[in-house]
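Remarks on the structure that follows.
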Amino acid sequence: MTAESVQTDFEQRLGDARMVAILRGLTPDATTALALELRSIGVRHIEVTMQDEMGLAALRQTIQEWPAGPDTIGAGSVVSVAGAQLAVEAGASFLISPGLSAAVVEFARDSEVAVLPGVATPTEVQHAIALGLSAVKLFPAVQLGGPAYLRALAGPFPGIRFVPTGGVDFDNADDYLAQGALAVGIGGQLTQPGGVDAVRRWVEARST
């Protein structure tokens with residue numbers, strides 16, 4: 001596959017799934033166990049953040065134990081080409097960043113790995129478009145203004161799709177999707193009491 005087809009395929013599958021689950025700050029064993037549990041109830045895309053050595057180890061272990069198939073494991077908090085290289089070497093299927101780095105975007109393309117960089121302002125969206133991107137992460141979504149901000153930002157930029165992350169949970173996820181979000185990124189709620197049950201209910205509601 002070409003870099004363009006890899007990116008297009010990722011965005012299509014992410015749009016179908018409507019959610020990426022974000023696993024952050026857990027041990028490798030806990031990350032792997034939760035990722036496999038989420039997969040068993042229908043979550044198709046898992047982001048493992050790699051802000052430190054434990055995160056990188058968690059990414060590696062989860063990828064190693066992830067069953068073959070269309071469901072994907074990617075790396076989050078990728079802020080440099082060096083970090084992107086470690087993620088790709090670990091086997092990440094996609095890279096997600098909190099901000100927009102042209103170098104990381106180009107590295108992902110050269111490596112034929114999907115990429116979803118973060119934006120927060122119209123200027124950053126314009127830069128993303130200039131880089132040829134058709135989807136970006138909107139971060140931190142709640143602090144920026146929530147679904148209303150997504151609606152205002154999306155209006156002038158109909159050629160790009162947004163994946164809101166940061167404060168997004170199962171109480172407000174549908175509000176973002178109703179404003180045209182490609183998908184949402186949900187993290188903190190997953191490790192709270194009842195988090196997995198909330199995922200199950202959300203996934204089941206979309207499969208009926």
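Remind me, relative contact order of the stretch 61-101 in percent, using alpha carbon pairs under 8 angstrom and six or more residues apart? Walk me through the numbers on the way to the answer.
Working: 41 pairs, mean separation 18.4, N = 41.
Reported relative contact order: 45 percent.
Gaussian network model of the chain, Cα springs within a sub-10 Å range: biggest mean-square fluctuation belongs to which of Ala35, Ala84, Ala103?
Largest GNM mean-square fluctuation: Ala103.
What net charge is computed for the residues neighbouring Thr31, neighbours being all others with C-beta under 15 Å from the C-beta of Thr31, Lys and Arg scored +1, Asp and Glu -1? Don't jump to the answer; show the numbers that get you there.
On the way: positive: Arg24, Arg39, Arg60; negative: Asp29, Glu37, Glu47, Asp52, Glu53, Glu65.
Here the count lands on -3.
In whole Hz, what ³J(HN,Hα) sequence does the stretch 168-181 give by Karplus (6.51, -1.76, 1.60; θ = phi - 60°), x for Gly and Pro?
7, 9, 6, 7, 10, 4, 5, 5, 5, 5, 5, 8, x, 4
Per residue, how much accessible area does the chain show when a 1.4 Å probe rolls over the protein heavy atoms, in square angstrom?
Working: 9080 Å² over 208 residues.
Averaged over the residues of the chain, the accessible area is 44 Å².
Full-extension gain between Asp29 and Asp52, please, as 0.36 nm times their residue separation minus the C-alpha to C-alpha distance.
On the way: separation 23, 0.36 × 23 = 8.28 nm, distance 1.56 nm.
Difference between extended and current length: 6.7 nm.
With a 1.4 Å probe and all protein chains left in place, how much of the accessible area of the stretch 19-88 comes from carbon and sulfur atoms, in whole percent? Numbers along the way, then the final one.
Values: 1500 of 2840 Å².
Using a 1.4 Å probe with all protein chains present, the stretch 19-88 comes out at 53 percent carbon and sulfur.
Using θ = phi - 60° and the Karplus form 6.51 cos²θ - 1.76 cosθ + 1.60, what ³J(HN,Hα) does each residue of the stretch 198-203 get, whole Hz, x for Gly and Pro?
Rounded to whole hertz, the list is 5, 4, 4, 5, 5, 5.
Give me, ordered by chain and number, the residues 5 or more places off Val119 or on other chains with an amide H under 5 Å from its own placed amide H.
Answer set, sorted by chain and number: Lys137, Leu138, Phe139.
Among (1) 1.02; (2) 0.95; (3) 0.93, find the value of Rg/Rh (Cα atoms, Kirkwood Rh) that was calculated from the structure presented, and write down its label.
(3)
Once you have the Cα-Cα distance between Ser134 and Glu106, take 0.36 nm times their residue separation minus that, and quote the gain in nm to one decimal. Write out the running numbers ahead of the final one.
Values: separation 28, 0.36 × 28 = 10.08 nm, distance 1.42 nm.
Here the segment from Ser134 to Glu106 would lengthen by 8.7 nm.
Taking 25 Å as R0, compute the FRET efficiency from the Cβ-Cβ separation of Asp16 and Phe157 and round it to 0.05. Don't skip to the end; give the middle numbers.
Numbers: r = 22 Å, r/R0 = 0.89.
It comes out at approximately 0.65.
So how far apart, in nm, are the two label points at Thr191 and Glu37 if each is 7 Å from Cα heading toward Cβ?
Computed distance between label sites Thr191 and Glu37 equals 1.3 nm.
Mind listing the phi-derived Karplus ³J(HN,Hα) values for the stretch 27-40, rounded to whole Hz, using 6.51, -1.76 and 1.60 with θ = phi - 60°, and x for any glycine or proline?
With the stated coefficients, the stretch 27-40 comes to 5, x, 5, 5, 4, 4, 4, 5, 4, 5, 5, 5, 4, 5 Hz.
Once amide H atoms are placed 1.01 Å from N in the peptide plane, what residues at a sequence separation of 5 or more from Met19, or on another chain, have their amide H within under 5 Å of its amide H?
Val184
Determine the relative contact order of the stretch 160-208: mean sequence separation of Cα pairs under 8 Å and six or more apart, normalised by residue count, in whole percent.
Working: 41 pairs, mean separation 17.8, N = 49.
Contact order relative to length: 36 percent.
Distance between Cα centroids, the stretch 29-60 to the stretch 125-204: provide it in whole Å.
Computed from Cα coordinates, the inter-centre distance equals 20 Å.
The values are calculated or read from the model by the stated rules, or taken from the named source; none is laboratory data. As the structure is a computational prediction, the values presented were derived from the model and not from experiment. Using ideal geometry, Cβ is built from the backbone for each residue, glycine included, and neighbour counts are taken over all protein chains shown. Each accessible area value is taken on the protein alone, full model and side chains, heavy atoms only, with ligands, DNA and RNA left out. Shrake-Rupley method; radii C 1.70, N 1.55, O 1.52, S 1.80 Å.
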